[in-house]
Amino acid sequence: MIPDIQTRPIAHLASGDTLGIQLYRFVGDRPGKKVYLQSNLHGSEVSGNVVLQQLIALLCDLDSSQLQGEIWIIPNCNPFSANQRSHHFSSGRYNPYTGHDWNRIFWDYEKHAAAQPQTCSIATFAKQHRDDSPEQLIQSFRQQIRRAFDAIADTFQTPHGLPLEQRYRYHLQDLCLDADYIIDCHSSSNLAINYLYCFHDRQPSADAFLLQYGLLMHDYDGNAFDEAFCKPWLALERELAKLDRAIIFDIEAWTIEIGSGMDADPDAIYRGLRGIKNYLATKGILDIPKFPLVQSLSHRTQLFERSQLVNYYAPRGGTLSQRPLIGTIVPAGQQLYQLVSFNRNGNIPETIEVCTPQRGIVFDVARNCSLNEGEYVLGVVECDRT
Ligand SMILES: [Zn+2]
């Protein structure tokens, strides 16, 4: 297949340069679902770029008869953050101009509707469309979301203008508002395993990514990219359930964490790409040899509540002298890490050992072993916590 490649300018800079994003759009010879994938929303999280490059290469080698529907891919979706540096290190989690996390800026129709109940109420929509077919419901709700979203575009040209983040998010969300499945490829800022975030009632699909672990999303504010996409549909499902119409839309959003930040580890990339291929084959979008892989029949991703992921912060400043390997299962009462702490009161340096009170899986570990008091050391999923 030869993709349709479109470059979109997203920001004109003080220097006179223009930043852009580039969309690779593959269209199968049969109509079907639309999948949207992006990577590198956070600047240091680059593994997804390699995953999506390999997916583009794979799709280029396929015949259009092997794709049902459309796949839209945007690697390097945030040039603002990807180009940010401090010496050898790329940070790029926050917009230095506003201090905002680049993945907490997105437009959420559920919030928009709640603020304008007279015109956009999701409860009212559910009552009006309660007896529609699933296809009609999806089409009508998409149109309602689109109308509200397009009204934002109209404000671009007003004398007041729009702040940078609102302009930027418009470009990304405009491309995926009508998608069926979105996959946002991230990595940890630190050293980390592969895992995914899963919204409720989407657990069966999570298994298709063939990852060992995932985190269930129950608490969220709607401003992350996956949340902004999925939340209105979850809200509509809830409103319909109140009217005795039980329905789970085949609409899904996934954030996949692919290994460590500032890294492009071949194993993390292999598992990331394998999972996406397997998911697309399981959904009937890609027809490729051997996929879905045979292990799909038995694989179950172990999902934990988000609240089970516990962050550890340094009790004192110092140097991290021992840290666990990512993915390690640490028994209750065992050492998690060791910190060498220095002082200015005439004493010899002290070694501090920190143990886990509960059995846990180490999801990520600080890349930087130099720590001030209160800085992030690691994240552990406490398996037995409820
Ligand atoms: Zn991220």
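Things worth noting here:
- Net charge contributed by nearby residues that have their C-beta within less than 12 Å of Gly222 (K/R +1, D/E -1): -3
- MRE, 222 nm, helices only [DSSP H, n ≥ 4, -39500 (n - 2.57), over the chain, to nearest 500]: -8500 deg cm²/dmol
- Values of log10 I(q)/I(0), in the order q = 0.14 Å⁻¹, for the chain under a Debye, Cα-only, solvent-free model: -1.32
- Tail fraction, Cα-Cα pairs, the range 244-381, threshold 23 Å, whole percent: 53
- Taken over the range 195-311, the ratio of Cα radius of gyration to 2.2 N^0.38 Å equals 1.15.
- Residue pairs, from the table Lys34/Lys231; Lys127/Lys231; Lys127/Lys283; Lys127/Lys277; Lys231/Lys290; Lys231/Lys277, whose Cα atoms sit over 28 Å apart: Lys127/Lys283; Lys127/Lys277; Lys231/Lys290
- The protection proxy used here, the mean number of other Cβ atoms lying within 10 Å of each residue, ranks peptides 14-26, 315-327 as follows, highest first: 315-327, 14-26.
- Formal net charge of residues neighbouring Arg271 (Cβ-Cβ distance under 12 Å; K, R +1; D, E -1): -1
- Ordering 192-200, 76-84 by mean Cβ neighbour count within 10 Å, with the highest value first, yields 192-200, 76-84.
- For the range 86-167, the Kirkwood estimate of the hydrodynamic radius, built from every pair of different alpha carbons, is 15.6 Å.
Only the coordinates and a few stated rules stand behind these numbers; no lab work does. This is a predicted model, so every value here is computed, not measured. Counting neighbours? That spans all protein chains shown, and the Cβs are built from the backbone with ideal geometry, glycine included.
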